[in-house]
Amino acid sequence: MIFAHDTEVALAAAAALVNTSPEADRPDGDGQERLPDPAALGEFMQTWGWTGSRIGDQRELEQVRRLRPRLARVWAADEDEAVEIVNGLLREAGALPQLVRHDTWDYHLHATSADAPVADRMAVEAAMALTDVIRMKELDRLRVCASDTCNFAVVDLSKNRSRRYCDSGCGNRANVAAYRARRSQG
């Protein structure tokens, strides 16, 4: 494990949130909104284990949607810009780190109350995880999928820093294309 478990989950959730945007280029090229309504946000939150209060209305959804481009900027940022983004997210949400234990999780950091707005909780959770990435000089673990047809955000948590593709099948497609090219030449 490169980072603490909660940091790795928060990084993966941040990348998944960035990848819900219609602006995120996808292998299928459909450009669809992956959070089309409050119910989809609820499903996303359940998938990634978000706890705390939830209003479940359109305003809450819009706040989360506005967070995505700010997080996406970190994947292309240098260290100073990443620090600026992270500090802004923490400052705007009034983050106050504290140890908590809930559900099946042992003690870990939360920096907002359970009744803070969903977008604030998501922003601060991502910012706290990104803080570890920056402090450990591991920003190069935040990548964009290596496929020519995909720009999904990728978090490389492999020990040997070898992850190049997103989870949408791009790696398989690249391997199949390379295999076919080798077969046609031989």
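Descriptive notes on the structure:
Every residue, every condition in (1) surrounded by 13 or more Cβ atoms within 10 Å (Cβ to Cβ); (2) farther than 23 Å from VAL86 by Cα, yes or no:
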position: ALA13; (1), (2): yes, no
position: ASN19; (1), (2): yes, no
position: ALA39; (1), (2): no, yes
position: GLY42; (1), (2): yes, yes
position: TRP48; (1), (2): yes, no
position: ILE55; (1), (2): no, yes
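- Residue within the stretch 125-144 that is of a type in the set (D, E, K, R), in contact (Cβ under 8 Å) with a residue 60 or more places away in the chain, surrounded by fewer than 21 Cβ atoms within 10 Å (Cβ to Cβ) and assigned to a helix (DSSP H, G or I) present: yes
- Of all residues in the stretch 145-162, those satisfying the criterion of being surrounded by fewer than 19 Cβ atoms within 10 Å (Cβ to Cβ) and in contact with a Gly (Cβ under 9 Å, 6 or more places away or on another chain) are ALA146, THR149.
- Inspection of the stretch 46-54 finds a residue satisfying the criterion of being β-branched (Val, Ile, Thr), at negative phi and free of Cβ contacts under 8 Å to residues at least 40 places away in the same chain.
- Filter result for SER168 (part of a loop (DSSP other than H, G, I, E, B), polar (S, T, N, Q) and either within 18 Å of ALA14 (Cα to Cα) or at pLDDT below 90 (or both)): yes
- Candidates are the residues of the stretch 68-84 that are surrounded by fewer than 20 Cβ atoms within 10 Å (Cβ to Cβ) and within 14 Å of the chain's Cα centre (by Cα); the one that is nearest to ALA12 (Cα to Cα) is TRP75.
- The residues on offer are VAL18, VAL64, VAL74, and the sole one that is closer than 25 Å to VAL144 by Cβ, modelled with pLDDT of 95 or more and out of contact with any strand residue (DSSP E or B) (no Cβ under 9 Å at 6 or more places or on another chain) is VAL64.
- Unmet criterion (only one of (1) touching a Cys at 6+ places or on another chain (Cβ under 9 Å); (2) at pLDDT below 95; (3) closer than 25 Å to LEU41 by Cβ) for SER147: (3)
- Residue in the stretch 171-181 that is under 21 Å from the mean Cα position of the chain (by Cα), farther than 16 Å from GLU8 by Cα and either among the β-branched types (Val, Ile, Thr) or surrounded by fewer than 16 Cβ atoms within 10 Å (Cβ to Cβ) (or both) present: no
The values are calculated or read from the model by the stated rules, or taken from the named source; none is laboratory data. What you see is a predicted model, and the numbers here were worked out from it, not measured in a lab. Counting neighbours? That spans all protein chains shown, and the Cβs are built from the backbone with ideal geometry, glycine included.
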